[in-house]
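Here the structure is laid out as structure tokens; the discussion comes afterwards.
The values are calculated or read from the model by the stated rules, or taken from the named source; none is laboratory data. Keep in mind that what you see is a predicted model, and the values were worked out from it rather than measured. Note that we place each Cβ from the backbone using ideal geometry, even for glycine, and neighbour counts take in every protein chain shown. Heads up: the accessible areas ignore ligands, DNA and RNA and are worked out on the full protein's heavy atoms, side chains in. Shrake-Rupley method; radii C 1.70, N 1.55, O 1.52, S 1.80 Å.
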Amino acid sequence: MPPKIAHIPYVATIGDFFSMYGLGRPLHPDIMCMRLEDQPDERLMHVPLYRVNFFRVIHFTNSNLNFFAGDTLLTVSDNCICFSFPGKLESWTRTGKLSGYVIYFSSSFSGLDITHNNFDADFPFFNFNSEPILAVDDVMAASLKQDADSMIKEMYTNWPDKIDMIKKMLMVYLHKLKRAYQKQVNNLSSDIKLNKTLYNRFRNELDNHMQQLVNHKRSAMPTVARIAKDLHVNPNYLNSVIKKLTGKTASAHIQEKLVLEAKAFLVNTDFQITDIADKLGFESTPYFNRFFKKNTGVSPSAYRNQFVKT
């Protein structure tokens with residue numbers, strides 16, 4: 001489990017998540033199935049970095065959403081699945097209304113144990129090195145939609161054994177996702193698989209570097225050269241692989257990560273901007289201000305003021 005960082009909220013329960021983001025109350029503390037259209041439309045437009053201590057599967061059927069999984073910017077479109085699991089680092093920004101389904105469930109409800117030896121094989125999408133988005137075809141999308149509708153319907157029945165029924169339905173749902181995920185991964189070429197392995201190592205090393213930086217275990221901000229050295233690869237090779245795989249250089253990924261961390265500090269702490277710049281390894285506050293405005297279009301102070309409750 002990644003260590004907790006004060007500027008990044010660690011949401012312990014499904015109920016806490018609903019409360020924090022104004023979604024009302026879940027029908028059950030350990031399982032909640034709902035349509036995305038049923039969430040308050042004005043909520044969750046922009047959410048800075050956070051981690052959760054439960055599982056979540058979102059099936060987007062018609063949505064417009066940009067979100068970060070760790071340091072990676074992803075764009076969600078129709079008929080794709082996104083996964084959350086204990087310890088995963090996320091942030092998102094969306095425009096328009098979300099359509100689809102979301103299933104929240106706890107480890108205790110599902111019996112899923114991320115420390116179990118077979119966990120990664122049984123649930124390969126709940127993994128720090130997994131594909132961040134699973135695209136599904138129309139046939140699979142229709143099957144998953146039917147399963148989600150059935151779980152939602154069961155949530156509102158009065159049957160005394162409805163929770164046991166939902167547990168069984170959830171396992172079938174997750175097994176279908178496993179098949180779809182394995183099909184997507186198996187279709188990748190060997191070169192792409194190798195490149196993705198290096199990219200995932202880069203993402204993990206970048207996240208570790210940032211955690212050490214904000215916890216004063218490092219003093220210098222991450223660079224391509226530093227991370228390449230830690231990974232025992234040539235910096236030019238690392239840049240080339242990441243650019244080929246993602247369309248962006250390793251430096252661009254590092255800048256996005258720094259912006260995300262800065263946003264988390266600005267929204268979730270009352271640290272002075274000078275202190276935030278220092279924590280993130282910037283040589284001076286003016287340099288940090290220029291960097292932030294260049295990458296976001298607004299100054300750090302202006303960004304923070306957007307989240308001040310009046």
Enumeration of residues in segment 259-296 that are among the charged types (D, E, K, R), over 19 Å from A220 (Cβ atoms) and open to solvent by less than 60 Å² (accessible area, probe 1.4 Å): K263
Residue check, K257 on the phi < 0 side of the Ramachandran plot, assigned to a helix (DSSP H, G or I) and touching a Phe, Trp or Tyr at 6+ places or on another chain (Cβ under 9 Å): yes
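Search segment 118-135 for residues being within 20 Å of D207 (Cα to Cα) and of a type in the set (S, T, N, Q), and hand back the single one that is modelled with the highest pLDDT.
So, considering only residues that are within 20 Å of D207 (Cα to Cα) and of a type in the set (S, T, N, Q), the one modelled with the highest pLDDT is N127.
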So V224, is it under 24 Å from the mean Cα position of the chain (by Cα) and open to solvent by 40 Å² or more (accessible area, probe 1.4 Å): no
Qualifying positions in segment 89-112 - in contact with a Lys or Arg (Cβ under 9 Å, 6 or more places away or on another chain), modelled with pLDDT of 85 or more, on the phi < 0 side of the Ramachandran plot and not in a helix (DSSP H, G or I): S99, Y101, V102, I103, Y104, F105
Matching entry among K196, K178 (being among the basic types (K, R) and either within 30 Å of L260 (Cα to Cα) or outside any helix (DSSP H, G or I) (or both)): K196
From T75, T115, residue being part of a strand (DSSP E or B), modelled with pLDDT under 95 and open to solvent by 20 Å² or more (accessible area, probe 1.4 Å): T75
